[in-house]
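Beneath this line is the structure, given in C-alpha coordinates, with notes to follow.
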Amino acid sequence: MIGAFFDVDGTLYNANMWRGLTQYVCEHGGKNRTRLYMARNMPLLFLRKLKLIDEESFRKPWVLTLGTLVRGWEHARGDAALRWVAEQYIQPTGNVDVIARLQQHVAQGHIVVLVSAMLAPTLQVLGDALGATGTVGTEIEVVDDRFTGRVIPPVCMGDAKGTRTHEWLKARGIAIDFAASYAYADSISDRALFDMVGHPVAVYPDPQLENLAREKNWEIISK
(Lines give C-alpha, C1' and ligand atoms only; values in the text may rest on other atoms or scores of the structure.)
Protein backbone atom coordinates (compact mmCIF):
# COMPACT_ATOMS: atom_id res chain seq x y z
CA MET A 1 0.00 0.00 0.00
CA ILE A 2 1.06 3.57 -0.69
CA GLY A 3 0.77 5.99 2.23
CA ALA A 4 0.29 9.74 2.38
CA PHE A 5 1.14 11.29 5.74
CA PHE A 6 0.02 14.85 6.46
CA ASP A 7 1.05 17.27 9.17
CA VAL A 8 -1.89 19.53 10.09
CA ASP A 9 -0.92 22.90 11.66
CA GLY A 10 0.57 25.08 8.95
CA THR A 11 0.14 22.36 6.32
CA LEU A 12 -3.53 21.47 5.90
CA TYR A 13 -4.79 24.34 8.06
CA ASN A 14 -3.43 27.65 9.30
CA ALA A 15 -5.13 27.84 12.70
CA ASN A 16 -3.43 26.64 15.87
CA MET A 17 -5.35 24.35 18.23
CA TRP A 18 -4.25 25.91 21.50
CA ARG A 19 -5.53 29.31 20.41
CA GLY A 20 -8.89 27.82 19.51
CA LEU A 21 -9.26 25.92 22.76
CA THR A 22 -8.29 28.93 24.89
CA GLN A 23 -10.88 31.00 23.04
CA TYR A 24 -13.60 28.41 23.63
CA VAL A 25 -12.79 27.92 27.30
CA CYS A 26 -12.57 31.66 27.91
CA GLU A 27 -15.98 32.18 26.32
CA HIS A 28 -17.49 29.36 28.41
CA GLY A 29 -16.66 30.51 31.92
CA GLY A 30 -12.98 29.62 32.00
CA LYS A 31 -11.20 32.99 31.93
CA ASN A 32 -9.06 32.11 34.95
CA ARG A 33 -8.07 28.79 33.40
CA THR A 34 -6.94 30.51 30.22
CA ARG A 35 -5.02 33.16 32.17
CA LEU A 36 -3.14 30.47 34.09
CA TYR A 37 -2.43 28.54 30.92
CA MET A 38 -1.04 31.63 29.18
CA ALA A 39 0.96 32.73 32.21
CA ARG A 40 2.52 29.29 32.51
CA ASN A 41 3.69 29.20 28.90
CA MET A 42 4.34 32.85 28.05
CA PRO A 43 7.99 32.78 29.21
CA LEU A 44 8.63 30.35 26.36
CA LEU A 45 7.97 33.16 23.90
CA PHE A 46 10.88 35.14 25.29
CA LEU A 47 13.17 32.12 25.34
CA ARG A 48 12.39 31.43 21.70
CA LYS A 49 12.85 35.08 20.75
CA LEU A 50 16.28 34.99 22.39
CA LYS A 51 16.99 31.74 20.47
CA LEU A 52 17.62 29.87 23.71
CA ILE A 53 15.21 27.06 22.75
CA ASP A 54 14.31 25.45 19.44
CA GLU A 55 10.82 25.31 17.93
CA GLU A 56 10.00 21.88 19.33
CA SER A 57 11.04 22.86 22.86
CA PHE A 58 8.86 25.94 22.50
CA ARG A 59 5.76 24.15 21.24
CA LYS A 60 5.75 20.97 23.33
CA PRO A 61 4.85 22.56 26.72
CA TRP A 62 1.88 24.35 25.13
CA VAL A 63 0.50 20.95 24.14
CA LEU A 64 1.39 19.19 27.40
CA THR A 65 -0.55 21.76 29.41
CA LEU A 66 -3.61 21.97 27.13
CA GLY A 67 -5.46 19.48 29.30
CA THR A 68 -5.55 21.94 32.19
CA LEU A 69 -8.07 23.98 30.20
CA VAL A 70 -10.69 21.21 30.43
CA ARG A 71 -9.63 19.60 33.73
CA GLY A 72 -12.60 18.16 35.60
CA TRP A 73 -15.01 18.60 32.70
CA GLU A 74 -17.41 15.77 31.94
CA HIS A 75 -16.48 13.89 28.80
CA ALA A 76 -19.44 15.25 26.82
CA ARG A 77 -18.60 18.84 27.72
CA GLY A 78 -14.92 18.46 26.91
CA ASP A 79 -15.68 16.62 23.70
CA ALA A 80 -17.97 19.48 22.62
CA ALA A 81 -15.12 21.93 23.19
CA LEU A 82 -12.61 19.85 21.22
CA ARG A 83 -15.09 19.35 18.39
CA TRP A 84 -15.83 23.09 18.26
CA VAL A 85 -12.12 23.79 17.86
CA ALA A 86 -12.02 21.45 14.86
CA GLU A 87 -15.20 22.51 13.14
CA GLN A 88 -15.48 26.20 13.95
CA TYR A 89 -11.90 27.35 14.52
CA ILE A 90 -9.59 25.16 12.40
CA GLN A 91 -11.60 23.97 9.40
CA PRO A 92 -12.33 27.48 8.05
CA THR A 93 -8.57 28.08 7.69
CA GLY A 94 -7.88 25.22 5.29
CA ASN A 95 -5.23 25.42 2.58
CA VAL A 96 -7.37 24.49 -0.41
CA ASP A 97 -4.49 23.31 -2.59
CA VAL A 98 -3.09 20.96 0.06
CA ILE A 99 -6.53 19.60 0.95
CA ALA A 100 -7.05 18.93 -2.76
CA ARG A 101 -3.80 16.96 -2.80
CA LEU A 102 -5.02 14.91 0.19
CA GLN A 103 -8.29 14.21 -1.61
CA GLN A 104 -6.36 12.96 -4.64
CA HIS A 105 -4.60 10.44 -2.42
CA VAL A 106 -7.95 9.34 -0.95
CA ALA A 107 -9.38 8.92 -4.46
CA GLN A 108 -6.42 6.73 -5.42
CA GLY A 109 -7.06 4.43 -2.48
CA HIS A 110 -3.91 5.39 -0.62
CA ILE A 111 -3.57 5.08 3.16
CA VAL A 112 -4.01 8.70 4.27
CA VAL A 113 -3.02 9.55 7.84
CA LEU A 114 -3.00 12.89 9.64
CA VAL A 115 -0.05 13.08 12.03
CA SER A 116 -0.03 16.00 14.45
CA ALA A 117 0.75 17.20 17.96
CA MET A 118 -2.90 18.23 18.11
CA LEU A 119 -5.07 16.58 20.77
CA ALA A 120 -6.42 13.34 19.36
CA PRO A 121 -10.19 14.05 19.65
CA THR A 122 -9.89 17.27 17.66
CA LEU A 123 -7.60 15.65 15.10
CA GLN A 124 -10.06 12.77 14.66
CA VAL A 125 -12.86 15.20 13.76
CA LEU A 126 -10.65 16.79 11.10
CA GLY A 127 -9.56 13.42 9.75
CA ASP A 128 -13.11 12.10 9.51
CA ALA A 129 -14.23 15.19 7.60
CA LEU A 130 -11.38 14.79 5.11
CA GLY A 131 -11.98 11.09 4.56
CA ALA A 132 -8.58 10.14 5.99
CA THR A 133 -7.83 6.52 6.82
CA GLY A 134 -6.84 7.52 10.34
CA THR A 135 -5.15 10.01 12.63
CA VAL A 136 -2.15 9.96 14.95
CA GLY A 137 -2.30 12.69 17.58
CA THR A 138 -1.54 13.46 21.21
CA GLU A 139 -3.77 11.63 23.66
CA ILE A 140 -5.64 13.31 26.52
CA GLU A 141 -6.69 11.34 29.60
CA VAL A 142 -10.31 10.66 30.55
CA VAL A 143 -11.07 8.78 33.80
CA ASP A 144 -14.55 8.04 35.13
CA ASP A 145 -16.04 10.05 32.26
CA ARG A 146 -14.09 13.21 33.14
CA PHE A 147 -11.03 14.87 31.70
CA THR A 148 -8.26 14.64 34.29
CA GLY A 149 -6.25 17.52 32.81
CA ARG A 150 -3.38 15.18 31.91
CA VAL A 151 -2.03 15.02 28.39
CA ILE A 152 -0.47 11.59 27.90
CA PRO A 153 3.16 11.66 26.69
CA PRO A 154 4.68 11.54 24.23
CA VAL A 155 3.48 14.63 22.42
CA CYS A 156 3.21 13.64 18.76
CA MET A 157 5.95 16.01 17.66
CA GLY A 158 9.45 15.74 16.21
CA ASP A 159 10.86 12.20 16.23
CA ALA A 160 7.70 10.95 17.94
CA LYS A 161 5.77 11.58 14.73
CA GLY A 162 7.71 8.87 12.96
CA THR A 163 7.63 6.45 15.91
CA ARG A 164 3.93 6.92 16.62
CA THR A 165 3.03 6.54 12.93
CA HIS A 166 4.90 3.25 12.63
CA GLU A 167 3.18 2.02 15.81
CA TRP A 168 -0.23 3.02 14.44
CA LEU A 169 0.36 1.17 11.19
CA LYS A 170 1.73 -1.94 12.93
CA ALA A 171 -1.22 -2.09 15.34
CA ARG A 172 -3.58 -2.21 12.34
CA GLY A 173 -1.55 -4.61 10.26
CA ILE A 174 -1.08 -2.07 7.49
CA ALA A 175 1.97 -2.71 5.31
CA ILE A 176 3.24 0.42 3.58
CA ASP A 177 5.58 0.75 0.61
CA PHE A 178 7.43 3.68 2.14
CA ALA A 179 9.64 4.24 -0.91
CA ALA A 180 6.50 4.94 -2.94
CA SER A 181 4.79 6.96 -0.21
CA TYR A 182 4.39 10.69 0.48
CA ALA A 183 4.74 13.06 3.43
CA TYR A 184 3.52 16.65 3.59
CA ALA A 185 4.64 19.14 6.25
CA ASP A 186 5.72 22.73 6.74
CA SER A 187 8.48 22.62 9.36
CA ILE A 188 11.99 21.28 9.75
CA SER A 189 10.73 19.76 13.00
CA ASP A 190 8.73 17.33 10.83
CA ARG A 191 11.91 15.73 9.48
CA ALA A 192 10.87 12.37 10.97
CA LEU A 193 7.87 12.26 8.63
CA PHE A 194 9.98 13.12 5.60
CA ASP A 195 12.60 10.52 6.46
CA MET A 196 9.92 7.79 6.34
CA VAL A 197 9.04 8.19 2.68
CA GLY A 198 10.39 8.36 -0.84
CA HIS A 199 8.37 11.45 -1.78
CA PRO A 200 8.69 14.25 0.79
CA VAL A 201 6.72 17.42 -0.01
CA ALA A 202 7.55 20.68 1.76
CA VAL A 203 4.37 22.73 2.20
CA TYR A 204 4.78 26.48 2.70
CA PRO A 205 8.10 25.57 4.34
CA ASP A 206 9.95 27.44 7.06
CA PRO A 207 13.41 28.68 5.96
CA GLN A 208 15.29 25.64 7.26
CA LEU A 209 12.93 23.20 5.59
CA GLU A 210 12.97 25.17 2.34
CA ASN A 211 16.77 25.04 2.25
CA LEU A 212 16.72 21.30 2.91
CA ALA A 213 14.05 20.70 0.28
CA ARG A 214 15.98 22.61 -2.36
CA GLU A 215 19.20 20.80 -1.44
CA LYS A 216 17.50 17.41 -1.79
CA ASN A 217 15.32 18.41 -4.76
CA TRP A 218 12.07 17.69 -2.92
CA GLU A 219 8.76 19.00 -4.19
CA ILE A 220 7.81 22.36 -2.68
CA ILE A 221 4.26 23.72 -2.46
CA SER A 222 4.39 27.48 -2.01
CA LYS A 223 2.11 30.45 -2.42
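Look at residue 15 and say whether it is part of a loop (DSSP other than H, G, I, E, B) and either under 28 Å from residue 131 (Cβ atoms) or in contact with a strand residue (DSSP E or B) (Cβ under 8 Å, 6 or more places away or on another chain) (or both). Before you say what the answer is, go through the steps one by one.
On the way: part of a loop (DSSP other than H, G, I, E, B): yes; either under 28 Å from residue 131 (Cβ atoms) or in contact with a strand residue (DSSP E or B) (Cβ under 8 Å, 6 or more places away or on another chain) (or both): yes.
Yes; evaluated as a whole, the condition is true for this residue.
Regarding region 7-29, can at least one residue be identified that is open to solvent by less than 60 Å² (accessible area, probe 1.4 Å), over 21 Å from the mean Cα position of the chain (by Cα) and closer than 22 Å to residue 72 by Cβ? Even if it seems obvious, please write down each step before you answer.
Initial filter on region 7-29 (open to solvent by less than 60 Å² (accessible area, probe 1.4 Å)): 7-13, 15-18, 20-22, 24-26.
Next, from what is left, pick out any that are over 21 Å from the mean Cα position of the chain (by Cα): 26.
Subsequent filtering for residues that are closer than 22 Å to residue 72 by Cβ retains 26.
Within region 7-29 (the criterion being open to solvent by less than 60 Å² (accessible area, probe 1.4 Å), over 21 Å from the mean Cα position of the chain (by Cα) and closer than 22 Å to residue 72 by Cβ), the answer is yes, since at least one residue qualifies.
Take the residues in region 77-89 that are of a type in the set (A, V, I, L, M, F, W, C) and in contact (Cβ under 8 Å) with a residue 12 or more places away in the chain, then tell me which one is surrounded by the most Cβ atoms within 10 Å (Cβ to Cβ). Walk me through how you get there before you give the answer.
Initial filter on region 77-89 (of a type in the set (A, V, I, L, M, F, W, C)): 80-82, 84-86.
Those left that are additionally in contact (Cβ under 8 Å) with a residue 12 or more places away in the chain: 81-82, 84-86.
Working: 81: 20, 82: 25, 84: 19, 85: 28, 86: 24.
The residue in question is 85.
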Tell me yes or no: at least one residue of region 173-181 is within 20 Å of the chain's Cα centre (by Cα) and under 26 Å from residue 15 (Cβ atoms). no
How do the strands (runs of 3 or more DSSP E) wholly within region 148-223 filter down when requiring 3 or more residues that are closer than 19 Å to residue 3 by Cβ, at pLDDT 95 or above and open to solvent by less than 40 Å² (accessible area, probe 1.4 Å): which remain? 182-185, 199-203
Which of (1) of a type in the set (Asp, Glu); (2) modelled with pLDDT of 95 or more; (3) more than 20 Å from residue 65 (Cα to Cα) is the odd one out, the single condition residue 141 does not satisfy? (3)
Can you name the residue in region 90-116 that is out of contact with any Leu (no Cβ under 9 Å at 6 or more places or on another chain) and not in a helix (DSSP H, G or I) and, of all such residues, is surrounded by the most Cβ atoms within 10 Å (Cβ to Cβ)? 110
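The values are calculated or read from the model by the stated rules, or taken from the named source; none is laboratory data. Remember, predicted model here, so these are calculated numbers, not experimental data. Backbone-built Cβ (ideal geometry, glycine too); neighbour counts: all protein chains shown. These accessible areas exclude ligands, DNA and RNA; they are computed on the full protein's heavy atoms, side chains included. Shrake-Rupley method; radii C 1.70, N 1.55, O 1.52, S 1.80 Å.
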